[in-house]
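The values are calculated or read from the model by the stated rules, or taken from the named source; none is laboratory data. The model shown is predicted, which means the values in this text are computed figures rather than measured ones. Because the Cβ atoms are built from the backbone with ideal geometry, glycine has one as well, and the counts that use them run over all protein chains shown.
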Amino acid sequence: MNELIVLVGPTASGKTALGAELAERIGGEVVSADAFAVYRGLDIGTAKPDPVLRARVPHHLIDVADPATRYSAGAFVRDADSAVAAIRGRGRRPVVVGGTHFYVRALLWGLFPEPARDETLRRELEQEWTRAPDVLRARLEALDPAAAARILPNDRQRVLRALEVCLAAGRPMTELWKEHFQSGPRHRFVMLGLNPPRAALHARIAERVDGMFAAGLLSEVEGLLAGGLSARVHALKAIGYRESCRVLAGELSAEEAVRKATEATRQLAKRQTTWLRGEGAVHWLAGRSEDMVAEAIARVEVCGGTGTGAV
């Protein structure tokens, strides 16, 4: 059995710990599918697995990118394919732990051929974003509700690209993705999902955000900026980092930053949960199981690597 084991769920649902323990139990290695954990120097706010855990269980695609550059989904697919091949070459099993579901989708199904970039249309959209970003977000919600649900409201690049695809193709990007799925997945896979009760998830989110700021997130960001990193780079748009930049710019107090980061994380978790509930390939693990690893292993053995659903 050489299928990918893919673990998904909303942020703070416990994927990192479960993924590492699962990999350890089955002789595997973890492939991180997190769009911000790839950046070197962004440690506290991305909740990377700690050095002790990474020494015990090999993790891949963490600290592989310069935060001054933007790491893309295409780069992730290339690097993840290499990591998966190397893991299999060692006779071990790849366990993909996904916080960025677009990355998981790209790895399993490939990046579909989008319409070519229309520079005139893009300039018009960029100008409109500068004037009224809320209007563009509402426009995307009307044209492609599914895409709007999974893209962060302040993710300018992805909002603009989704709109550009809709307008250039005359159809929602989500529809194009669905057609793309008909060609079948690039990898056989078993997808497991975590979905803790809402109250428990909110408590975990609050604890995580409080812990990040207590652990020195502001100092980490201050060091990145002092080292020459611009506050405008994509890496610092991650939740926690953007609020920290505003604190250091004198726009927010530390208490306000914690509150805003907590609320933003809750909103992200809600979007992620909504998206995953609409997917057909997820085998949901019982959120309160005493032995989640045993349940995950049983699911893998029963389901096999069919890879018949979309993510």
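A single entry from 69, 120, 100 fulfils the requirement of being in contact with an Asp or Glu (Cβ under 8 Å, 6 or more places away or on another chain), surrounded by fewer than 22 Cβ atoms within 10 Å (Cβ to Cβ) and of a type in the set (S, T, N, Q): 100. Does residue 107 count as surrounded by 17 or more Cβ atoms within 10 Å (Cβ to Cβ) and modelled with pLDDT of 90 or more? The answer is yes for residue 107. Of the numbered criteria (1) surrounded by fewer than 22 Cβ atoms within 10 Å (Cβ to Cβ); (2) in a loop (DSSP other than H, G, I, E, B), the one residue 208 fails is (2). Against the condition in contact (Cβ under 8 Å) with a residue 60 or more places away in the chain and of a type in the set (Ser, Thr, Tyr), how does residue 100 come out, does it pass? Considered against the rule, which asks whether it is in contact (Cβ under 8 Å) with a residue 60 or more places away in the chain and of a type in the set (Ser, Thr, Tyr), residue 100 comes out as yes. Name the residue that is surrounded by the fewest Cβ atoms within 10 Å (Cβ to Cβ), counting only residues in the stretch 157-194 that are within 30 Å of residue 94 (Cα to Cα), at pLDDT 90 or above and not aromatic (Phe, Trp, Tyr). The selected residue is 188. Taken over the stretch 267-311, the criterion of being at pLDDT 60 or above and of a type in the set (D, E, K, R) is satisfied by 270, 271, 277, 279, 291, 295, 299, 301.
For residue 268, the conditions (1) of a type in the set (A, V, I, L, M); (2) free of Cβ contacts under 8 Å to residues at least 40 places away in the same chain; (3) closer than 16 Å to residue 153 by Cβ all hold with the exception of (2). In summary, residue 283 fulfils each of the numbered conditions (1) closer than 30 Å to residue 93 by Cβ; (2) in a helix (DSSP H, G or I) with the single exception of condition (2). For beta carbons closer than 7 Å, sequence separation of 6+ or different chains, a first residue in the stretch 105-124 that is at positive phi and a second that is not in a loop (DSSP other than H, G, I, E, B), there are no qualifying pairs. Identify, from the list 161, 156, 92, 150, the residue that is under 30 Å from residue 28 (Cβ atoms), of a type in the set (D, E, K, R) and under 18 Å from the mean Cα position of the chain (by Cα). One residue alone meets the criteria, 150. From the list 215, 200, 235, the one residue that fits, being over 26 Å from residue 72 (Cβ atoms), under 21 Å from the mean Cα position of the chain (by Cα) and not aromatic (Phe, Trp, Tyr), is 200. Taking into account only those residues within the stretch 125-166 that are in contact (Cβ under 8 Å) with a residue 60 or more places away in the chain and in a helix (DSSP H, G or I), which is farthest from residue 237 (Cα to Cα)? Filtering the stretch 125-166 for residues that are in contact (Cβ under 8 Å) with a residue 60 or more places away in the chain and in a helix (DSSP H, G or I), the one farthest from residue 237 (Cα to Cα) comes out as 146.
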